[in-house]
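Accompanying notes for the structure given below.
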């Protein structure tokens, strides 16, 4: 069990859960925490006004709550930037891990972790999307507003989701994580319809900036075991952080990665440099006064987010792409939330907009399954 999972201390629930079979099942799953009924607003006020660091304290608190809206939504992306057409399953909001650069610190309105119920509703929504016969392969993930594996010892959703997606055609599930516990996934009949992905940074960044996450070596060892169990792997170098010596550290990270896994079994790799919306820098400096992620020169970009200057980003991407391709020329590498001109400078071509990038994903995914 990870340090992240062990940090969970209190579990509350919306009283309405006691009136439904799925609510009672959720309460039973967390019975060891002795869940207590609690109104959402009072819990929010307790943390916001009663704690020195509500965000840190909130990572120890889980609220089980009915969710009236859609659990499956399009990735919001960034206006004016090329998006890959990803879909997000919002099973969990917030994360027990505590990365200094995490955008959730300034994005979510509640400091605690929320488990949206019933999770079976997500499967119904995926079926409806597939009934519309989408032209593109439907790619969905649970790791946008939380970590996909962090609370698996209790939730058990991923086992159900892997089984569900194994029976589908035209859809892939991605579980994105910084955790190391994968034993419960290794024996499942996944039919390669689930991609297990790890967010990666050099161990220096993991130790200083990614609190309550698994060490780099343990992440890579978990990836190796998942690959041996037949899962396609994904990796996300995002955010790449520029600092003195970053080149040596990231090149070493890539060398270490491919000592653990076969690059032919990697379905995709994303690259993105550090970026954050206005206001987040203040939160980061307050919560992580010793952070090193803000040492570089970051300026407001067209989307309003603070980013490294474009020539610096392009140089970073070119180096990382070259180091990755030294190990396998046919790796599918893409940029997350970058404009077309950056793609052109890095890869020598533009994706041609979101629809064209989705076409590229389709062809690369089909190519991967032909050879793997």
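For the peptides 52-59, 128-135, 142-149, the ranking by packing is 142-149, 52-59, 128-135, with the highest mean count of neighbouring Cβ atoms within 10 Å listed first.
How much of the DSSP bridge set in the chain is antiparallel, in percent, rounded to the nearest 5? Please report the intermediate quantities before stating the final value.
Values: 12 of 47 bridges.
Taking every DSSP beta bridge within the chain, about 25 percent pair in antiparallel fashion.
For the stretch 236-349, the alpha-carbon radius of gyration amounts to 1.13 times the rule-of-thumb value 2.2 N^0.38 Å expected for a compact globular protein.
Annotation for the stretch 190-220 versus the stretch 124-180: alpha-carbon center distance of 18 Å.
Report relative contact order for the chain in percent, whole number only (criteria: Cα-Cα under 8 Å, sequence separation at least 6). Mind showing how you got there, number by number?
Numbers: 635 pairs, mean separation 59.5, N = 372.
After rounding, I find 16 percent.
Pulled fully out, how much extra length does the chain show between residue 330 and residue 297, if you take 0.36 nm times their separation in residues and subtract their Cα-Cα distance?
On the way: separation 33, 0.36 × 33 = 11.88 nm, distance 3.31 nm.
Working it through step by step, the gained length comes to 8.6 nm.
Oblate is the label for the stretch 1-119, because the ratio a/c of its alpha-carbon gyration tensor axes (a ≥ b ≥ c) is 1.5 or higher and a/b is not greater than b/c. Contact order for the stretch 115-240, expressed relative to its length and based on alpha carbon pairs under 8 Å spaced 6+ residues apart, stands at 23 percent.
By per-residue mean of other Cβ atoms within 10 Å, what is the highest-first order of 316-325, 84-93?
On the way: 316-325: 17.7, 84-93: 20.7.
The densest-packed peptide leads the list: 84-93, 316-325.
Protection proxy ranking of 37-46, 200-209, 357-366, by the mean of other Cβ atoms within 10 Å over each peptide's residues and highest first, is 200-209, 357-366, 37-46.
Bear in mind that the values in this text are calculations on the coordinates, not laboratory data. Because the structure is a prediction, the values reported are computed rather than measured. As a convention, Cβ positions derive from the backbone with ideal geometry for all residues, glycine included, and neighbour counts pool all protein chains shown.
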